[in-house]
Amino acid sequence: MLRQRLAGLRRRLWFVALVRGSGLLLTVLLAGAIVVGVLDWRWRLPALVRAVALVSMLVSGVIIFYRYLFRPLSAPSDDLSLALRVEEEYPLLNDALASTVQFLERGAQPGASSAVLEREAVKRALRRASGCDFGKVVDKRGLAWAGVSGSALTALAVALTMLSPSLAATAFLRLAHPFGDIDWPKKTQVVVEEPRSRIGRNEAFEVRGIVRGVIPPQAVVIFRFEGLPHLEHHCDIQTEESGVGRLHTSLPAGRVEHNFRFQVQANDALSPEYFVQVLPPPSLTALEGKPSPLVQLIYPAYTGLPSPEILSPGTGNIDAVVGTAVHLRARADRPLRRAWIEYQPDEPSVVLGDLLALFAGNRPWWEPTPAVLEGDRCTFTLAFTPSVSGMYSLHFEDETGLRNSRLYELRLHPDPAPTVHLERPSPSRDILSVLPTAELPLEVHADDPQYAVRSVYLEYRSGREEPPQRLYLYDPAVGPAPLLAPWSGPAVLATSPLTTRPQRLDFQQKLSLKSIRHADGSSLKEDDVLLLRACADDYDDVNPTKEQGHSPEIEVRIVGRNALEIILNQEQANIQQELLRLREKQREALQKVTETENRLKKGDKLSSDDQEKLLQAEKTQQEVRERVGTEKDGLRSEVKRILDSLKQNGMEKTAAQERMKDVARELERLAENELQQIEPRLTNARQLAELLEEKAREERRAALEARAREAEQEARTAEKSADDREREAAEAENKAQQSDNEADKARQRQEAKRQRERTAELRQQARELRRQAERDRQDAKQGPDPALPRKVLAEARKGQEEVEKTLNDLLTRRLEPWTSSHEIKGEANRLLEEQKRLQTEVEKLAKENMAGKSPDQLTPAEKADLDNLKDAQQRLKERTRQLLEKMDRVAGQREQKDPETARELRDALQQAQQDNIAEKMREAREDIGQNKLNEAQGKQRDSVRDLTKLVQNLEDRREAELDRLTKKLREKEKELADLIKEQDELRKKVKEAGKIGDKAQREDELKRLARRQKELREKAEQLVEELTRMRAPRASEALSRAGELMDGAGQQMNGGQEGENEQEETLERLHEAQRELQRARKEVEE
């Protein structure tokens, strides 16, 4: 029992010693290693510091090992020693325990007298020891702390090692071997792909590598040449999706002349240094006595270019059309292992090269093209067809691996598609809403100045969903004539006779829409959409993906006669509105010129304001002239557009054609006569008026004198040149007389004749210059004629009056059907304002005590004022008469279509006639002419009052008209909504009828519904007429198209077909008309 307790004590002593010693040892070693490792990772501790730390840790570990492990574990631990240690803890045992251990170890000796005493002593000792705790002998101080700290630091060390094995290993190795060549792992790792160790001189050298970790945007490649400064290349790093970066840079061929070393740096990573040896590379030598390379170009057969073309020896630059084949032959100065070419394309040509390689079956441009080595392995041949532009490199490599390269330009020119212009029909020159039987003008120009036009054709679609069809204008196989047989008009007009391969073709002819068919062979019908474009192709058989040349696509709408008449009416209304605006601009310019002329008549000088008025009048006249334009632009072109449309649609002998011809004729006369003269006259008058000022006269005199001096100087120069020519002619004649050679004599005489002719020209030029100088000096001496500006201005004014009269006649005689009540009211307002202005001027003259003077008592200026006012009043009276006559005519025209408007116009006219406005203006004019200004003022006040009443009547009538129009438009909206509802119900019935199984019964039902469709068509036509009168053209046009579709649907139902597409499109057009009608009503309400 005692021995067991002592054995347990022994084990506890060893356990405590081991745990405490190991814990302390681990704590010191691991704590030191972790702390030093962290500090080293953060601040890169010097080797000496790490060495001191390592020694300190080892010394501390040895001390701890000796004190807490070696000493405790090497202390005596036999039973006697343990008993003595227990007795030290328990003195009461008084060596009894040690004696007992000795007795037990010695064992009982038989027959000894002391055996009984020993047994008694053992029992007594055991009894005493049973109450003693042997555990108190064990010193447990620091056990828990050492165990916990050792365990915690061990766990921390294990965790750090697992989290970052490479960092933990590096930290341990740097601590264990502080002076070793061990560094921390870099943030960035660079691996350079194994470079070539030997290259040829002036051969480009490439560096490639892989970057991992923290990847910077750029890396630096450092090249160190022998005996030269180092060179740094900054290259971008491309990061892949996998997170790996790749770098690539190269030394240009011209920089590689000496041996060098290089290494790559990226962030904190620095690759090993590599050594590259530079040796003389292979080079090209003469081949067949000519510099290498020898290049031949074989052009595509369709170009007609002479082939092969042999380039100058030694020249490798290629400039050719796409599809050209190249044959290259060269020789090197030593046997070669291989030779090849690589392309370096420009970016835009890469796609074309891909396509050409794909369709032609050639080698892709990105693959090297190998050469064929001949028997001596020095001469090689390359045959290739380049497909990309840019550069190409010729590479050759000798048997030792040394390479050399030659870089050549490669310029490939794609054969462009022909340029095609469809001049007509065009939206700017033609009205593209036409009848199915129309004949449109066709004007096509096709150009291919490089390799000729192969064919020209019209590509058309008779519907947006239909496939395109072709009508050939020119085909090389048959020429244009047979293909144009179905077409009306002249065949073809070319700028030059057509050859087998023309470079330009021009066509001018008529395009009959009767020759245009749908894909199913049917003719065009109302509401079809014809899409046209002119196309041309060439002889290019190299690029299969090249599109043919084509013009922009135009859209031609096929309409019925009613719809076309609505469109033409709207176009004529636009012409009327434009003429109305031009007339008002012309009146504005005329007013400014008249006011300025009146000041000149009075003998006054023009002020700066007057000059500004004339300048504004010039600008206004320019606007009028430019807007009238020519047959290609401006108002005249718009009139011609209408005339052309009438002719194209077979509507030639109509009132509209006569009307537009009259307008075109009058506009042409104005454009070629009056409008050409007014602006120069106004400019001349303004400049002449400026010369009335002394300063302007002096400036003009100085300018003329300077011009005269310059002319005289030029005359002297011409005379001197003439004298020189005269001498040269005389010398030539002398040489001719002295020469014995007849040919030389003839040549000298011819030279003398030429020199004398040139002499005569120079002397004539000198005489003209002197006469010009004399005229300039005479003009400088002469003073300006004060009456001349007024005369020139009067001529300009007469031209302006003629333009205004012509525009007014066109609006009155030819385009009055499009006159609106708004225009009548506007003219009445302008007359009222003009009469008020004249009244104010008469009052001003009356206040200046002119009233009552006899003509002999009036000064010239006063007479001029009276004449001006009298003429202005006469013009105003004439305009008032024309307005009243227009009101009478418009009321008569509206009698049937719009009786209420006609009645209100007649009421306003009757009131104006009762007030006798025009007669009062005439009397006022006579009073002004007789200087009865007070009487004239009274007549003018009456005229203002009566004009105010007329304007008010027209204003009331206008408001009433708008209210009435709004009400009518609402009524028509309701009728149109009912029509849409009935059409939708009919569509549903037609669909149900189509489901009837019995054919005869189905056809009978469809015919009955066709009669209903006809009734709805008649309703639509009636609505079209009413909307046209109510000035809702867009709604009327849409409804007209719906009516035409109804007619087509009815025909199909009579033929036993449902006409489902026509029914659907009819509803779409009806809804469109409804939207346009609502818009028109809102515009009227606003």
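Throughout, read-outs are computed from the coordinates displayed, never taken from laboratory work. Just so we're clear, the structure is a prediction, and the values are computed from it rather than from any experiment. As a convention, Cβ positions derive from the backbone with ideal geometry for all residues, glycine included, and neighbour counts pool all protein chains shown.
Simple spin-label estimate for Glu823 and Ala977 gives 3.5 nm between the two label positions (7 Å along the Cα-to-Cβ direction from each Cα). Taken about its Cα centre, segment 188-279 carries a charge dipole of roughly 220 debye when the Cβ of each Lys and Arg holds +1 and the Cβ of each Asp and Glu holds -1. Between Gln913 and Glu652, the modelled labels are 4.3 nm apart [label points 7 Å from Cα along Cα→Cβ]. Note on the chain: Cα-only Rg and Dmax are 56.9, 197 Å. Once backbone amide H atoms are built at 1.01 Å from N, Ser455 has Asp537 as its partners under 5 Å, excluding neighbours fewer than 5 places away on the same chain. Distance between the 7 Å Cα→Cβ label points at Gln1057 and Gln102: 14.0 nm. Looking at segment 12-112, the trypsin sites (Lys or Arg not before Pro) that sit in a DSSP loop and have at most 16 other Cβ atoms within 10 Å of their own Cβ are Arg44.
Shape annotation for segment 284-413: C-alpha extents along the principal axes are 39, 30, 22 Å, from largest to smallest.
A cut-off of 5 Å between modelled amide H atoms, ignoring neighbours fewer than 5 places along the same chain, links Ile318 with Glu409, Leu410, Arg411. Based on Cα contacts under 8 Å between residues 6+ apart, segment 95-251 shows a relative contact order of 13 percent.
For segment 426-471, the set of trypsin sites (Lys or Arg not before Pro) satisfying both a DSSP loop assignment and a count of at most 13 other C-beta atoms within 10 Å is given as Arg464.
State the Cα centre-to-centre distance between segment 500-538 and segment 209-268 in whole Å. So the separation of the two Cα centres works out to 63 Å.
The length gained on full extension between Ala861 and Gln713, counted as 0.36 nm times the residue separation minus their Cα-Cα distance, comes to 48.5 nm.
Net length available on complete extension from Arg501 to Glu88 is 135.5 nm, with 0.36 nm assigned per residue and the Cα-Cα distance removed. D by Stokes-Einstein for segment 701-783, Kirkwood Rh over Cα pairs, 10 °C, 1.306 mPa s: 110 µm²/s. Suppose R0 equals 41 Å. What FRET efficiency, 1/(1 + (r/R0)^6) with r the Cβ-Cβ distance, do Ser637 and Lys798 give to the nearest 0.05? The computed FRET efficiency comes out at 0.90.
Computed from the C-beta positions of Gln450 and Leu531, the FRET efficiency with R₀ = 41 Å rounds to 0.90. Here the Karplus relation 6.51 cos²θ - 1.76 cosθ + 1.60, evaluated at θ = phi - 60°, turns the backbone of segment 270-279 into coupling constants of 9, 6, x, 8, 10, 10, 10, 9, 9, 10 Hz, with x for every Gly and Pro. Taking a ≥ b ≥ c as the square roots of the eigenvalues of the alpha carbon gyration tensor, segment 371-411 is oblate, as a/c is not under 1.5 and a/b does not beat b/c. Taking every C-alpha pair closer than 8 Å and separated by at least 6 residues, the mean separation divided by the residue count of segment 284-413 gives a relative contact order of 28 percent.
In this structure, the amide hydrogen of Asp346, modeled 1.01 Å from its nitrogen in the peptide plane, lies closer than 5 angstrom to those of Ser389, Gly390, Met391, counting only residues at least 5 positions away or on a different chain. Stretching the chain fully between Ala846 and Glu466 yields a gain of 128.8 nm (0.36 nm per residue, less the alpha carbon separation). Positive-end ranking of Ala918, Ser389, Thr249 along the dipole of the chain, with charges on Cβ about the Cα centre, is headed by Thr249.
The charge dipole of the chain, taken about its Cα centre with unit charges on the Cβ atoms of Lys, Arg (+1), Asp and Glu (-1) only, comes to about 4220 debye.
Partner aspartates and glutamates whose Cα lies under 12 Å from the Cα of Lys967, excluding those fewer than 8 positions away in the same chain, are identified as Glu1085.
Are there any helices in the chain, counted as whole DSSP H runs, that stretch 20 Å or more along their axis by Cα and score at least 0.0 on average by Kyte-Doolittle, and if so which? Answer set is 2-43, 47-65, 143-163.
For segment 276-291, the residues whose amide N sits under 13 Å from a probe point set 7 Å from the Cα of Ser197 along the beta carbon direction are 276-278.
Grab the beta carbon distance between Lys791 and Arg208, set R0 = 51 Å, and tell me the FRET efficiency rounded to 0.05. Computed FRET efficiency for Lys791 and Arg208 comes out at 0.05.
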